[in-house]
Amino acid sequence: MIRSRLLVSLFVLLVVAPWLAGCRHSQRQDPLLQLSAAESLAEGQRLMALEKYAQARKYLTHAFEVEPNSVSGREALLLVADSLYKQGGTQNLVQAEAKYRDFINRFPTSDRAPYVQLQIGSSLAARVPRPDRDQTVTHQALTAFEDLLRLYPTSEEAPQGQARLADLRAKLGEHEFEVARFYLRFGLPIATEKRLQYLLATFPEYAEKDKVYYYLGVANMDLRLPQEAAKWFKKLREEFPQSAYVGKIPQSDLVG
């Protein structure tokens, strides 16, 4: 037993101890670890200006870890989020959103809060899928911009948030249209009609109402409701006389 303990001790002295000492020595020699928060922040800002985002994050992360509640630490945390957002790519955008949320949770009264809220929405909006895909992220982005306008209505970021909000609503309207057209393609005119009515009620600002009117007419024709179909085709002609959809109107609607 004594001999076994001696062998273990000898192993630690010969193998483990030098490795641990080397690690400590490596840490002492790492130039990054010798920098103050302000120094590390300055280097991170320099690298950000050169668009070397991954390199910048090493210095910015160090600045935050050294002094998380200082002015330098706060700025560094925000720049870490910015570096991820600017570098782009789905994974970086997910991490950027998380970092922005971390900042606003730590410093809710910061004067940068409106910008951070805008960036939370922007990180989500940059991941919005095509109209025919699930729109969960789009709804999350919409909520983020709505929060910006609700919490910081007079901020300089508010107009940009309003514009982004309008763009997302247009995308959600297009999603509703694509779903409705999918239903019609598979012989579900009732579902088509309901979806398009929902689109008009929920997104009254939707710009491409001409195609909505057209497909409402078609859906009602499929439902053997020619008078209702004629109403929508008439609306299409009157409000969008130059639309390409006018030329697609079935002649049979004239009977109704």
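The values are calculated or read from the model by the stated rules, or taken from the named source; none is laboratory data. Since the model is a prediction, treat every value here as computed from it, not as a measurement. Reconstructed Cβ throughout: ideal geometry from the backbone, glycine too, with neighbour counts over all protein chains shown. Quick note on the areas: whole protein, heavy atoms, side chains included, nothing else; ligands and nucleic acids left out. Shrake-Rupley method; radii C 1.70, N 1.55, O 1.52, S 1.80 Å.
Placing a label point 7 Å from the Cα of GLN91 along the Cα-to-Cβ direction, the residues of region 44-80 whose backbone N falls under 14 Å of that point are 54.
What the Kirkwood sum gives for region 122-179 is a hydrodynamic radius of 11.5 Å, with every pair of different alpha carbons counted. For the cross-link pairs LYS86/LYS194; LYS171/LYS234; LYS86/LYS209, the ones whose C-alpha atoms lie over 30 Å apart are LYS86/LYS194; LYS86/LYS209.
Of the solvent-accessible surface of the chain, computed with a 1.4 Å probe and all protein chains present, 55% belongs to carbon and sulfur. In region 61-199, the alpha-carbon atoms span a convex hull of 104 Å³ per residue. The label point for VAL246 and the one for TYR198, both projected 7 Å from the Cα toward the Cβ, are 3.2 nm apart.
Our summary of shape: the Cα atoms of region 169-256 have principal axis extents of 37, 29, 19 Å, ordered from largest down, in whole angstrom. Angle check, please: helix 158-185 long axis (alpha carbons) against the longest principal axis of the chain (alpha carbons), in degrees 0 to 90, nearest 10. With rounding to tens, the tilt is 60 degrees. Over region 154-211, one equal point on each Cα, no solvent: what is log10 I(q)/I(0) by the Debye formula at q = 0.14, 0.23, 0.31 Å⁻¹? For region 154-211, the Cα-only Debye profile gives -0.44, -0.85, -1.19.
Partner aspartates and glutamates whose Cα lies under 14 Å from the Cα of LYS231, excluding those fewer than 8 positions away in the same chain, are identified as GLU193, ASP210, GLU239, ASP253. Of the residues GLY247, LEU225, TYR206, the one whose Cα sits farthest toward the positive end of the charge dipole of region 166-256, with +1 on the Cβ of Lys and Arg and -1 on the Cβ of Asp and Glu, is LEU225. Rounded to the nearest 500, the helix-only mean residue ellipticity at 222 nm of the chain stands at -23500 deg cm²/dmol, with each DSSP H run of n ≥ 4 adding -39,500 (n - 2.57). Rg and Dmax of the chain, based on Cα coordinates, read 29.4, 106 Å.
Tell me the net charge near GLU193. Cut-off is 11 Å between Cβ atoms, GLU193 excluded, with +1 for each Lys or Arg and -1 for each Asp or Glu.
0
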